[in-house]
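Reading through the structure tokens given below for one structure.
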Amino acid sequence: MASRVYDASAFYAGIPFASPEIGLTTTVIFEEIKHIKQRHGALDTLLDTDRLRIKDPLKSSIDVVMNAAKKTGDAQKLSKADISAVALAHEIKGNLVTDDFAVSNLAKNLGLQVNPIMTKGIKDVGHWIHYCVGCSKEFSGLEFCPNCGNKLSRRLLKGKSL
């Protein structure tokens, strides 16, 4: 079975179209990117030649990834498509092809191999803390400080958090 899982950024960079390897993506990602090269039938060709397979992760894999995203502080930055890609890579123990920082951080915290596309990839792995620059307090799962109303900033604490 294929061990490369493509997120949306991989499709936008053209990686699946240039690679002879079999890759996987999820239904959510496919729906998000199906407009790419639609007139040329490029996605249809990938599917017809079995170079792209669509597979959705199990709910248990999504739950593992969501719990990890909460621990790393990446949950607020991840879409449903992002979560599905990481969950699928986690489930099949595959390589995740992405340039998304939050996706990469989460995946690496889960021990997954990440293949960056157009960047060198992330150097530091860790978990995010959200804090108020006004009152210097840390919060979780919020966008604004409940004490003074300032938009919360975030800072990466280096080192695996899982």
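None of the figures in this text is laboratory data; all of them are computed from the coordinates on show. Here the structure is a predicted model, which means the values were calculated and not measured. In this analysis, Cβ positions are derived from the backbone assuming ideal geometry, glycine residues included, and neighbour counts consider all displayed protein chains.
Residue separation of Glu21 and Arg53 scaled by 0.36 nm, minus their Cα-Cα distance, works out to 10.4 nm of gained length. Taking each residue as 0.36 nm, the span from Arg154 to Gln38 lengthens on full extension beyond its C-alpha to C-alpha distance by 37.9 nm. Per-residue ellipticity at 222 nm computed for the chain from its helices equals -10000 deg cm²/dmol, with DSSP H segments shorter than 4 residues left out and the rest contributing -39,500 (n - 2.57). Distances between every pair of Cα atoms in region 1-150, grouped in 10 Å steps from 0 to the bin holding the largest one, split as 11, 39, 29, 14, 5, 1 percent. Note on the chain: with a GNM built from Cα contacts shorter than 10 Å, the maximum mean-square fluctuation among Asn67, Asn147, Asn95 falls on Asn147. Give me the percent of DSSP beta bridges within region 4-115 that run antiparallel, rounded to the nearest 5. Expressed as a percentage, antiparallel bridges in region 4-115 total about 0. Put in line by how crowded their Cβ is, counting other Cβ atoms within 10 Å and starting with the fewest, His90, His35 read His35, His90.
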